[in-house]
Amino acid sequence: KQDLIIAIDGHSSTGKSSLSKIIAKKLGYTHIDSGAMYRAVTLFALNNGLIENQKVKVDQLVARLPEIQISFKLNSLTNKNETFLNGQNVEAQIRDLKVSSMVSPIAVIAEVREYCVALQQKMGKAKRIVMDGRDIGTTVYPNADIKFFITASAEIRAKRRFLEYQQEGKVIPLDEVLANVIERDHIDSSREHSPLRKAHDAIEVDNSNLNLEETVEHVMQILQKRF
Ligand code: C5P
């Protein structure tokens, strides 16, 4: 197989990360979850009193960005690249609703984006990567070899997230999950810096009526046809 950079962008809860992880495994590539970086920065802000009453203390957070070290380590049991914040495994914590509901306002901050994008570009130097996010095909790797844009209806995405929470033993009302999905879509699509949008050369995949396995198959077929 050739050395490619595969960009997978799209809305939240479309299964982008799971899809990217499986595709990477099939191709023998490295999967990089760019959203995990924004989540780790959010966790740092929450743990350091940089968010008060849902408001981010932007200047203070920006001043402390150099203190934030984010790295990934492959867990060979789960085949998942786990996220480390300043040496501590935070993979579970960054998936918490507390982090999910504050990550979009953190991700609008220009300096936070610069910091995360620089790290993403550095990690992609080796090629053979599948990176998922919101602006990989538009900003991080505008020259990616192939770009996908994954979407599905908000209701279906909320239902998926709801079931995930339920499996983790978290009981969060469906309408609250749906509100969070819609709110994040709105903030992500309307922000000034690298808003969430489909790159002009991205292939759109609406998986409202496809499960994960079917989405993987669909994307693999496109990859096989192309390369
Ligand atoms: O992909 P995930 O849902 O984990 O990303 C969490 C949040 O991080 C998104 O809702 C978005 O606000 C932000 N994000 C971003 N740019 C990326 C990846 C994620 O702004 N490339």
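Just so you know, all these numbers are worked out from the coordinates, no wet-lab data involved. What you see is a predicted model, and the numbers here were worked out from it, not measured in a lab. Positions of Cβ are backbone-derived with ideal geometry, glycine not excepted, and every protein chain shown enters the neighbour counts.
Considering only DSSP beta bridges with both partners in the chain, what is the antiparallel share in %, to the nearest 5?
Approximately 35 percent, going by the DSSP bridge assignments.
Straight-line reach from residue 127: which lysines have a Cα under 27 Å away, not including same-chain ones fewer than 8 places off?
1, 16, 21, 25, 26, 73, 80, 147, 198, 225
Could you check the spin-label model distance between residue 67 and residue 127? Points 7 Å from the Cα along Cα→Cβ, value in nm.
4.0 nm
Compute the FRET efficiency between residue 197 and residue 77 as 1/(1 + (r/R0)^6), taking r as their Cβ-Cβ distance and R0 = 41 Å, and round to the nearest 0.05.
Details: r = 37 Å, r/R0 = 0.89.
FRET efficiency, residue 197 to residue 77: 0.65.
Positive end of the dipole of segment 95-227, charges at C-beta (+1 Lys, Arg; -1 Asp, Glu), about the Cα centre: which of 97, 119, 193 has its Cα farthest in that direction?
The one lying farthest along the dipole's positive direction is 119.
Tell me, what HN-Hα J-couplings in whole Hz come from the Karplus equation 6.51 cos²θ - 1.76 cosθ + 1.60 at θ = phi - 60° for each residue of segment 11-28, using x for Gly and Pro?
6, 6, 6, 9, x, 3, 5, 4, 4, 5, 4, 5, 4, 4, 4, 4, 8, x
Quick check on the chain: what does the Kirkwood estimate of hydrodynamic radius come out to from the alpha carbon pairs, in Å?
17.9 Å
Add -39500 (n - 2.57) for each DSSP H run of 4 or more in the chain, then divide by its residues: what number comes out at 222 nm, to the nearest 500 deg cm²/dmol?
Per the formula, -14500 deg cm²/dmol.
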